[in-house]
Each structure stands twice: as C-alpha cells, then as structure tokens.
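Trainee: Can you read through this structure? Questions will come right after.
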Amino acid sequence: MKPRYALAGLLLATTTAGAALAQDSEVTIVLGEELDLVEPCMSTRSNIGRVILQNISETLTELDVRGDGGVQPRLAESWEETEDGTWRFHLREGVTFSDGSSFDAEDVKHSFERTQSDQNTCEISRYYEGIDMQFEVVDDLTLDITADPAQPIMPLLMTLLTIVPSETPMEFVREPVGTGPYVLSAWNPGQDIRLELRDDYWGETPEVTAATYVFRSDEAVRAAMVETGEADIAPSISVIEADDEALDHAYPNSETTYLRLDHSVAPMDDARVREALNLAIDREAFLGTILPEGAEIATAIVPPTTIGWNPDIEPWAFDPERATELLEEAEADGVPVDTQIRLIGRTGNFPGATEVYEAIAAMLTDVGFNIDLQMVEVAEHEQYYSKPFVTDGPVIVGAQHDNSRGDPVFSMFFKYDSEGRQSGISDEKVDDLIDRATAASGDERTALWSELFAYLHDEVIADGLLFHMVGFARVAEDIDFTPTIATNSQLQLAEIGLN
Amino acid sequence: MQRMIGKRAISSLISLFGLIVLVFFLSRLTGDPSALFLPVDASEEMRQNFRELHGLNDPVLVQFGHYLGDLVRGDFGDSLRKARPALDVVLEAFVWTLQLAVITMTLVTVAAIVVGSVAAFKVGTKFDRVASLLSLIGASAPDFWIAIVAIVLFSVNLGWVPTSGTGSVWHWILPIAVLFIRPFGLILQVVRGSMLTALGSPYVKTARAKGVKNRPIIFVHTLRNAMLPVITVIGDQAAALLNGAVVVETIFGFPGVGKLMIDSILQRDFNVILAAIMVTALAIFLMNLLIDLAYALLDPRIRT
C-alpha cells in the first residue's frame, strides 16, 4: 500500500471510530498509574477510588462535594442517632448487586467485617482504627451501628465503606461486585480497564454508557491524548501541560503541603526558632511562579472546605529581619541554632517539588539557618516522616497531606496528637482538644476544631504550613465535566455529561 | 557443539542461582514493603498484619528457604501489590517486551547491515557521509526527548499515529521507531568499520581482478567475514532491549517488563523483582546461546 493510501485509511478508521464512540456515549479516561487492584475495600487509594467508588461499589452515604449539602443519602435513605453511640440506618429498598442478588443489612455488616479481617490488608480499615464498632441487623433494611467511643460523625464514616455482597470472600477479589451503575467488563493488566453500564441499576441512568481507563505515567502524554481525541478526561496533568484554556480546569485537589517539625530535637524545640522558620519563608513568592496561581497559602493542614477551618488565622508574614532577630535571641540563650538541619523533600511529591524545597532551603539559609536539603524517594521519605523518627540530628520533613473528607478528624490525630504517627509535637492541650472535638457534634465540634487550628498555628507553632495545592484536569470539548476537591479520590461517571 | 551448549547451560544455571541469592537478600535490605503498600497513617497493627500475611515476619533465612522450596515446585510467589502470581505478572509484561525487541532488532539488523555495507563500499561519497552523520545522531540522541518530540509531531500536529498505548498496529510505529534509532546508529558504525577492513583484504582484490560484480563482492564475499564483531554488538543491544525499554515503556504506556521491574523495585514487590530477573536472565541466556551458534555457523574455526 502506498503511504498516501495508508494515511487515508488511517484517517478514515479514526474518524469512523470517533463517530462510533460518540454514538455509544463512551468515554476514555487516562490515569497516571496503573491499578494494582480493583478491590472495593482499597478504594480510598486514589486511582482505585477513581475507578470503583460510586461507579462499581457504592456507600451508604456520600459527601456532597459539588454543593454544601453535607452528608447525603446513597444506599441508606435516612439515619438517626437512637441513643448515645448507636446510629440507626434505614436502607434503600429494591437495590440489587451486579450479580443479581439483592442488597440488605447483612451485606453492610459483612462489608465492614471484611475490612477488619486479617486475611486481607484493606486500606479502608484505617478510618475505623481505635473504634469498636458493632453492626446489628434489625431487619433486612434496618441496621444499628454502635461505636465505642461514640462517633458523632458516623454518617460521614459511612461515606468510606464500600458495600459488597455478603458472599464476598475475605481475600482480595479481582471481579468486584457492587450496587453501582457500572460493572467491570474487562481488565487487561498493563493496558486498560473497562466499565459498562448496568441495565438494572436502582438509580437514575447515567449518560455515559461505558468507560475505558488507560494508564500513562507521562503527564505530557496524558495531556496530548485528550488533545488528539484518544482520551476524554485526564484528571491529573501538571501546570506546565495545562496551557489550553478551553480544555484545562484548575481545581483544589485537597492536598496541603507543609514542613513537619520534630519539637523534641534542638533547635526546633524552641518556639522562637519555629517562628523564625515561618517568618523566613516568602510564601507569596511561590504563587504564579513555581506553583500555580490558584494554590492558597495554608493556615491549617486541611483545606478551607473542611469544618472548623478557622478564617481568623492570619498566615505568617514574610519578615526575614525579624526571623534573624529571633534566631539571634535564641542563640544568645544557648539554643544551638547553627546546628545543621536536614530538610527532607520527596522527589516528585507534587509538580515542582524539588524547586519548591530548593527555594525554601535558600530562604531559610538567608535568615541564618544551617540547612542541608536532601530530596529522597518515597520509601526513604516514609522513614523520616513516620515514627519512630530518625534521631541523629534535627530534621524538617517536607510533606503533603490529603483530606477531602470534610472533617479534620481524618488528619488531626495522625499529624498532631502525642501518639500520632507523623506528629512532631507532644502537647496536652492539643491531645485534649483532639479528643473533645472527635467526640463532639454540631457547632461544638466546629468550634473545638477552630480553636485547635488557632492554637497550633499561633501558639504552639507546630509546623511550617505552606500551601493548599491545586490540580489540573484536561477535559475534551464535547465532555461536560467539572473536577472538584474530590477528583483526587473519585471520579463518578454519572457526573459526566456529553455535549 | 552439544558439549558447548551443555557447558553453557550449567554455568548459566549457576549464575542464575547466584543472582537469585543476591537479589533476594539485597531487596530485603531495602526495607519493609508494608510502609509503601499501606498509607502513611496506617496503624502498627495493620502493618503487622500485612507482614504476617506475606510471611515477612519470619527470619530472612527462613523466608529464603520457603522461597526456594516454592520455586522448586514452580511457584514464584504472589505479587505483594497485585495479589496474584508474580510469574503471571512478569510473563504478561515480558511478552510485550519480547515482541518489541524482536521486531525492533530485526529491522535494525537489516537496515544497519544494508546501509553500513553500502556506506563502506562507497566510502567518502555523499551517501557515506550522510549515513555516518545519521548514525552518530542516532547513537547519541536521548530517547526520552525523541519520544516526546515524535508524539508532538506525528500524533498531536500531524495526527498520523496514536500518541501511545497498545491495540492496533499503528500503536507500534512510534515505540519501534524510537527504539530503532540508537541501536541502528551503533550497529551501522560497526558494520561500516568492519566492512572497510574486510574490503581492503587481498581476497576482495582477487575477486575484483576476476571481474566479480559489486553486489556479490559486498554481500557474498565481504559481509560474512565482517559479521563477527557486528553480531557481538547486535547481541549487546538485543540484551538491553530484553531487559525492557524503560523510557519508551513509560512514555508510550507500553506494558513491558522494564517499567514493571523499576516499579517493583521502587515498591519493594520482592517476588515480582525476582521473577522478572529470572525470566529476563533466562531469555538473555538463550539469546547468548543463539549468538554463539551464529558465530559457529559463520566461522568454521569456532566450531572446533
């Protein structure tokens, strides 16, 4: 065949394929990493969640991330707290799993027990850690959940529990069965995963009839695929690739970057030194330069859409002179401020991570810190980030934390409690506030979290909070989809419209 | 000949065993996979459960004993991350790598031998200079850059081929083209050099004096003698491709064994690392054997 004809043939083939796709309302989504598992109890992991959550497997409740409706019904129609520590959930009637079996309270009970089994390593279970939860089946469609200690946010906790049929084995499955609008129809390891619409879904029928997920680790390729029409949505591309206003959407991606300080090691044990560190960083200078303009300066480790986020906290001003003064004062009092401090950053943690940490190291050095920047890969980073901490000398760990769940409870214990695995502080008042806020509900809960954020930021000077980050998604012109703060963890096909 | 193959097989098996021992213990020195599989805020209890479930709590020597015992029965263990047999994961990826390597090396070999021989025969002409320049560029150009530029040019701007992935024959064009460039440049240089030497030998002068035409001089008389060093380089390049073409696999989303190996090292997926190493080592052993046979075929002195 002459090259000219080959080209014409190719063009014809792609055009017809394009037309066929449009007729069937199918979409192709390109993710940055292949899924290791398609297992409902692992769906709190970013890419697994994007495929499974609310597409294949549903939850009793769901968080309204597009509006401010709070926790909304999904497989549960309503719920109430019947007595202290016990919640009653009324389940939806007429729901079936993709294997034809009907959904009832036993399935919910089994789904929870499965996350607790020692025959698997379900990631969801970490959200129920330290809580003794008893599931009691009242009747097919009524379920009582009792928790000790009492969980005022039980409906929110249920946004994480993916429901599987009670026949599901404890071991990881490769063919997930759920109540969602889609069913896994093909999984070619290394190549693609395909979901197809069920015809017996209990809810409204989504517009998208099938979705193919493909995996490309290179961001430029992901962006190019949407541009050429090979993919419809690339939920995560870098700011450098996001150069097409018509296709690219910026969205708060629920990640917060910060410098974790270990208060037990000098000189970070001195509040003046921690204040100097915060005053030395010119946060404004990063926005629109190394980091995208939409990133926000952080005053808490959770994004502003989280309950209790405190609007009254003022971010640290950039004041290098004051920072130098504070260091000199501390030095005069015998604090070893000239000790070499290792600043540990994680390579590829977010786009521009190395440049951000290099700039921070330079800013800290300018005011008088003795900083040794080390960029490390994920496994080594984890050794610095989590307890037991490395003990040979002071270390600052640059890290990124994700909380799109709407409540600080999923962050505060781990990051600030004396017992928290990544906590660099040990403060009785902080521990007490975390305990009380965790047990409180309503306005009291909001107020306690607010108080904690202000105390940590202004008085304890717990860490060096940096930025609430933004992500970029590229969406094809004929697709109607706006990414949200939850797009890092889920991508509901039902929310995709076709123009 | 059979004795040579037998000797090679035994020495390769010994090296393979050494490799398994080395990789088994070295990979376990890199740390605890639970820290990477589980989220950072997972409890100690979850980590303990993960280690227990995967037998990582036993002393390393006991783990090694279990591993060898399973290996003898043909069980390479499960992938920690993918919760399925490590050998399946590796073989799936290796099939892609093998296809990519075989197609690329066939094209490279034919192209480099033809162009290199003609360039040597027409030494100093425009053809020779262009070929040398191309081979130099090919041997030194960074493949990640070529890959990205190729996507922008041929997929995004011209729309001739898909950017990446698998599925149709069109998907293979860019990865093969990018993989082609470097070995083509290298082998072309070697063919040209080796042919130049051979063309200067007395038997070529004799052939010319007898009135033999150009084509038989190149392809019948000289090429066979010039091939020994070329085969060595082809073997080297093919071995590199069998180990996986990490850059090309990463950029084009090609599910080969190179990226799998790198990912499993970064994620401490021990069984996959070991299975991948064993499969690629075996393939390279077989390839080296083929090269030895090719030597023997070309040069009767080696057979004895």
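Trainee: Put simply, what bits of region A:225-273 lose 20 Å² or more of accessible area when the other protein chains are there, versus the chain on its own (1.4 Å probe)?
Mentor: In region A:225-273, residues shielded by partner chains: A:E227, A:T228, A:E230.
Trainee: Which value in nm describes the separation of the simple spin-label points at A:S264 and A:T365, placed 7 Å from the Cα toward the beta carbon?
Mentor: Between A:S264 and A:T365, the simple spin-label model gives 3.0 nm.
Trainee: Where Rh is the Kirkwood radius over the Cα pairs of region B:2-72, the temperature 10 °C and the viscosity 1.306 mPa s, what D in µm²/s does Stokes-Einstein return? Don't jump to the answer; show the numbers that get you there.
Mentor: Details: Rh = 14.5 Å.
This corresponds to a translational diffusion coefficient of 109 µm²/s.
Trainee: Moving on to the next point. Compute from the Cα atoms of region A:201-328 the Rg and the Dmax, the latter being the longest Cα-Cα distance, and quote both in angstrom.
Mentor: My reading of the Cα-based Rg and Dmax gives 21.1, 67 Å.
Trainee: Still on this model: Only helices at least 20 Å long along their own axis, judged from Cα atoms, and with Kyte-Doolittle mean hydropathy of 0.5 or greater: name those in chain B from DSSP H.
Mentor: Numbers: long enough: B:2-29 (40 Å, 1.30); B:86-121 (51 Å, 1.96); B:126-140 (21 Å, 0.79); B:170-199 (41 Å, 1.38); B:223-242 (27 Å, 1.20); B:270-298 (42 Å, 2.22).
Helix filter hits for chain B: B:2-29, B:86-121, B:126-140, B:170-199, B:223-242, B:270-298.
Trainee: Once the Cα atoms of helix A:271-280 and of chain A are each reduced to a long axis, what angle between those two axes, in degrees from 0 to 90 to the nearest 10, is obtained?
Mentor: Long axis of A:271-280 versus the principal axis of chain A: about 60 degrees.
Trainee: Give me the summed buried accessible area for the A-B pair, 1.4 Å probe, to the nearest 100 Å².
Mentor: 3500 Å²
Trainee: What average count of beta carbons from other chains do you get within 10 Å of the Cβ of residues in A:108-121? Numbers along the way, then the final one.
Mentor: Numbers: counts 0, 0, 0, 0, 0, 0, 0, 0, 0, 1, 7, 2, 4, 13.
Average per residue, whole number: 2.
Trainee: Let me ask another. With the convex hull built on the Cα atoms of region A:242-296, state its orientation-averaged projected area in nm². Kindly include the intermediate steps, with their values, before the conclusion.
Mentor: Values: hull surface 20.0 nm².
Result: 5.0 nm².
Trainee: Tell me the per residue accessible area of chain A using a 1.4 Å probe; a whole number in Å² is fine.
Mentor: 40 Å²
Trainee: If you average the sequence gap of Cα pairs under 8 Å that are 6 or more apart and divide by the length of chain B, what percent do you get for the contact order?
Mentor: Details: 310 pairs, mean separation 80.1, N = 304.
Over chain B, the number comes to 26 percent.
Trainee: Quick one: Cα centre-to-centre distance for region A:157-176 and region B:43-60, in angstrom?
Mentor: Their Cα centres are 22 Å away from one another.
Trainee: For region B:253-304, what are the per-bin percents of Cα-Cα distances with bins 5 Å wide, up to the bin holding the maximum?
Mentor: In order of increasing distance, the bins hold 5, 19, 17, 14, 12, 9, 9, 8, 6, 2 percent.
Trainee: On the accessible surface of region A:360-407, probed at 1.4 Å, how many percent belong to carbon and sulfur atoms?
Mentor: Taking all protein chains in place, region A:360-407 shows 48 percent carbon and sulfur surface.
Trainee: Can you give me the % of accessible surface on region A:37-125 that is carbon or sulfur? Probe 1.4 Å, all protein chains present, nothing else counted.
Mentor: Details: 1170 of 3080 Å².
The nonpolar share, carbon plus sulfur, comes to 38 percent.
Trainee: Further, regarding this structure: Could you state the number of Å between the C-alpha centres of region B:76-139 and region A:463-493?
Mentor: 39 Å
Trainee: Give, as a single signed number, the net charge of other residues whose beta carbon lies under 13 Å from the beta carbon of A:D118, with Lys and Arg counted +1 and Asp and Glu -1. Numbers along the way, then the final one.
Mentor: On the way: positive: A:R114, B:R47, B:R51; negative: A:E113, A:E171, B:E45, B:E52.
Here the count lands on -1.
Trainee: Something else about it: Which pairs in the list A:K387/B:K82; B:K7/B:K82; B:K126/B:K205; B:K122/B:K210 are over 31 Å apart, alpha-carbon to alpha-carbon? The partial results should precede the final answer.
Mentor: Working: A:K387/B:K82 27 Å; B:K7/B:K82 38 Å; B:K126/B:K205 24 Å; B:K122/B:K210 20 Å.
Long pairs (Cα-Cα over 31 Å): B:K7/B:K82.
Trainee: So which residues in region B:73-114 end up with at least 30 square angstrom less accessible surface once the other protein chains are there, compared with the chain by itself, probe 1.4 angstrom?
Mentor: B:R81, B:K82, B:A83, B:R84
Trainee: Can you tell me the 0 to 90 degree angle between the C-alpha axis of helix A:353-367 and the longest principal axis of chain A, rounded to 10?
Mentor: Once rounded, one gets 10 degrees.
Trainee: Using a cut-off of under 19 Å, list every residue of region A:445-466 whose amide N is near the label point 7 Å from the Cα of A:A285 along the Cα-to-beta-carbon line.
Mentor: Inside the label zone: A:464-466.
Trainee: With every protein chain present, what is the per residue accessible area of chain B (1.4 Å probe, Å²)? Each step should come with its number before you reach the end.
Mentor: Details: 14840 Å² over 304 residues.
On a per-residue basis, chain B sits at 49 Å².
Trainee: Taking the Cα centre of the protein assembly as shown as the origin, how large is its charge dipole in debye, to the nearest 20, when only Lys and Arg (+1) and Asp and Glu (-1) carry charge on their Cβ atoms? Present the calculation step by step, with values, prior to reporting the outcome.
Mentor: Details: 56 positive and 114 negative charges, 1777 e Å.
Here the protein assembly as shown has a charge dipole of around 8540 debye.
Trainee: For region B:2-72, what is the charge dipole size about the Cα centre, in debye to the nearest 20, if Lys and Arg each add +1 at the Cβ and Asp and Glu each add -1 at the Cβ? Each step should come with its number before you reach the end.
Mentor: Numbers: 6 positive and 7 negative charges, 160 e Å.
The dipole magnitude comes to about 760 debye.
Trainee: Next up: So what's the projected area for region A:456-496, the Cα convex hull averaged over all directions, in nm²? Before the final figure, lay out the partial values.
Mentor: On the way: hull surface 17.3 nm².
Result: a mean projected hull area of 4.3 nm².
Trainee: With an 8 Å cut-off on Cα pairs and a minimum separation of 6 or more residues, tell me the relative contact order of region A:264-389 in percent.
Mentor: On the way: 143 pairs, mean separation 35.8, N = 126.
The normalised contact order for region A:264-389 reaches 28 percent.
Trainee: For chain B, modelled as a GNM with alpha-carbon contacts under 10 angstrom, which of B:A42, B:A101, B:A141 fluctuates the most?
Mentor: Highest fluctuation of the listed residues: B:A42.
Trainee: Pairwise over distinct Cα atoms, reciprocal of the mean inverse distance: report the Kirkwood radius of the protein assembly as shown in Å, one decimal place.
Mentor: Values: mean 1/r = 0.0334 Å⁻¹.
Hydrodynamic radius (Kirkwood, Cα pairs) of the protein assembly as shown is 29.9 Å.
Trainee: Also, I was wondering about something else. Report in % the part of the accessible area of chain B that belongs to carbon and sulfur, leaving out ligands and nucleic acids; probe 1.4 Å. Spell out each step's value before the answer.
Mentor: Numbers: 10350 of 14840 Å².
Of all accessible area on chain B, carbon and sulfur atoms account for 70 percent.
Trainee: What is the Rg over Rh value, at two decimals, for region B:86-298, using alpha-carbon atoms and the Kirkwood definition of Rh? Mind showing how you got there, number by number?
Mentor: Details: Rg = 19.7 Å, Rh = 18.8 Å.
On the Cα set of region B:86-298, Rg over Rh gives 1.05.
Trainee: Just to confirm my numbers, what's the Cα centroid distance between region B:218-294 and region A:90-130 in Å?
Mentor: That distance is 46 Å.
Trainee: For region A:413-499, what relative contact order do you get, as a whole percent, if you take Cα pairs closer than 8 Å and at least 6 residues apart? Walk me through the numbers before you get to the answer.
Mentor: Details: 65 pairs, mean separation 12.8, N = 87.
It rounds to 15 percent for region A:413-499.
Trainee: Kindly express, to the nearest 10 degrees and within the range 0 to 90, the angle between helix A:428-439's C-alpha long axis and the longest C-alpha principal axis of chain A.
Mentor: Taking Cα atoms only, the helix is inclined about 20 degrees.
Trainee: Return the inverse of the average 1/r over all pairs of distinct C-alpha atoms in region A:252-470, which is the Kirkwood hydrodynamic radius, in Å to one decimal.
Mentor: Working: mean 1/r = 0.0574 Å⁻¹.
Hydrodynamic radius (Kirkwood, Cα pairs) of region A:252-470 is 17.4 Å.
The values are calculated or read from the model by the stated rules, or taken from the named source; none is laboratory data. Keep in mind the model is a prediction, meaning the values are calculated, not measured. Ideal geometry is used to build each Cβ from the backbone, glycine not excepted, and the neighbour counts take in all protein chains shown. The area values use the complete protein model at the heavy-atom level, side chains included, leaving out ligands, DNA and RNA. Shrake-Rupley method; radii C 1.70, N 1.55, O 1.52, S 1.80 Å.
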